[in-house]
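Participant: Let me give you the structure first, and then I'll get to my questions.
The values are calculated or read from the model by the stated rules, or taken from the named source; none is laboratory data. In this text, all values refer to a predicted model and were calculated from it rather than measured experimentally. Note that each Cβ is placed from the backbone with ideal geometry, even for glycine, and that neighbours are counted across all protein chains shown.
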Ligand SMILES: *Cc1c(COP(=O)(O)O)cnc(C)c1O
Ligand SMILES: [Zn+2]
């Protein structure tokens, strides 16, 4: 099914700051004029002729996120680098829902992805497109999971990968990166320092920078979470989606995906979800900027949290994240490490899902939102468990 030419409805890339249009048949990073994040734009009328709810229903789940190939950027099936990413379950959390007094609580369980996190979605699409564009060497700064996923897909695509990561990254991810044959370069400091190190060498070494939101196609992979959530709710959007926010691709992707379904007329109701960003009290630049009414974040100094995926001192796409939270009438909320650890236990014991700390933070946030009366008991609430707790077992086991 994926071997032939794909009717991708991708039209252009546009800058989310200055609006300049770019040609997706060339290699693109961020807007060369203003540094803005580039978004992929699809021909809606053409897409409508290619894809609809019935047709999607007939496509096997085994195609994973490539079930939505017309709404993805890859043109030739032979360029698709897939390990079975996407098509994760939306699990109704009945026991946990009863405890919390919620009738429609769901967990989008991304731990079932290759490499154990949702990062696989973005990197399957980005590496496939990189292969299509003839890119031979890629690199990124990472808190671990994105690097592991990049390394896995790059291995399969026979593309060289160089990964910059903080020294204190969990051993599991460092081992994964090495096993997949990527070059691992350890850095003192945070993911921001890792990014600076990569920037210094990328031109000299001919490395294509796959940093979060500095490359247009990781987001395209992640938007399929939005497609799947809505499809599994029979083309109705949830009322609330709670997402752990680091660089913001997951949250932005879900919002982009749901809005694409909306403009294609695939939603049963016009209603859109309230998007809720969760961060750690030890690193909460988005939460701070949101509540101060700012358009951009300030760099969070001395970030500290047990959830490495959300330890991002200044997300590159901060202005987009803040816009989505406001547009969707959502909010941003910070939780402590203690609350995260309690939530790991609670989700494991009630639903049999051992979440990563980042994923557990959404449950910790849900408790607070309920206390503050910000969610009604009949509303459809989706928590996104972004990855498997098994990747953090050394860390989690210290707190038993
Ligand atoms: C990267 C990561 C996040 C944060 O995702 P963004 O899309 O960058 O905001 C959350 N959870 C896990 C497990 C991650 O690896
Ligand atoms: Zn621009």
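Participant: Only one of (1) more than 17 Å from the chain's Cα centre (by Cα); (2) surrounded by 19 or more Cβ atoms within 10 Å (Cβ to Cβ); (3) more than 25 Å from residue 96 (Cβ to Cβ) is not met by residue 270, so which one is it?
Facilitator: With respect to (1) more than 17 Å from the chain's Cα centre (by Cα); (2) surrounded by 19 or more Cβ atoms within 10 Å (Cβ to Cβ); (3) more than 25 Å from residue 96 (Cβ to Cβ), residue 270 is out only on (2).
Participant: Residue 248 - would you say it is under 25 Å from residue 287 (Cβ atoms) and at pLDDT 95 or above?
Facilitator: Yes; evaluated as a whole, the condition is true for this residue.
Participant: Let me ask something else. Looking only at residues in region 174-196 that are surrounded by 17 or more Cβ atoms within 10 Å (Cβ to Cβ) and within 9 Å of residue 164 (Cα to Cα), which one is modelled with the lowest pLDDT?
Facilitator: Top of the filtered list is 191.
Participant: So which strands (runs of 3 or more DSSP E) stay within region 10-121 end to end and still have 1 or more residues that are within 17 Å of the chain's Cα centre (by Cα) and away from ligand 2 (no atom under 16 Å from the Cβ)?
Facilitator: 90-92, 104-109
Participant: Residues 17, 11, 75, 58: which one is exposed (fewer than 14 other Cβ atoms within 10 Å of the Cβ) and away from ligand 1 (no atom under 16 Å from the Cβ)?
Facilitator: 58 is the lone residue from the list that is exposed (fewer than 14 other Cβ atoms within 10 Å of the Cβ) and away from ligand 1 (no atom under 16 Å from the Cβ).
Participant: Do we have residue 153 as in contact with a strand residue (DSSP E or B) (Cβ under 7 Å, 6 or more places away or on another chain) and either in a strand (DSSP E or B) or surrounded by 24 or more Cβ atoms within 10 Å (Cβ to Cβ) (or both) here?
Facilitator: So residue 153 fails the test.
Quick grid of which residues meet (1) within 16 Å of ligand 2 (Cβ to nearest atom); (2) closer than 25 Å to residue 194 by Cα; (3) buried (at least 18 other Cβ atoms within 10 Å of the Cβ):
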residue: 286; (1), (2), (3): no, yes, yes
residue: 299; (1), (2), (3): no, yes, no
residue: 302; (1), (2), (3): no, yes, no
residue: 328; (1), (2), (3): no, no, yes
residue: 344; (1), (2), (3): no, no, yes
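Participant: Kindly indicate the residue of region 236-265 that is in contact with a helix residue (DSSP H, G or I) (Cβ under 6 Å, 6 or more places away or on another chain) and in a loop (DSSP other than H, G, I, E, B) and also surrounded by the fewest Cβ atoms within 10 Å (Cβ to Cβ) among those meeting that condition.
Facilitator: 264
Okay, residues lined up against (1) away from ligand 1 (no atom under 12 Å from the Cβ); (2) crowded, with 19+ Cβ neighbours inside 10 Å; (3) in a loop (DSSP other than H, G, I, E, B):
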site	(1), (2), (3)
334	yes, yes, no
341	yes, yes, no
376	yes, no, yes
381	yes, yes, no
384	no, yes, no
394	yes, no, no
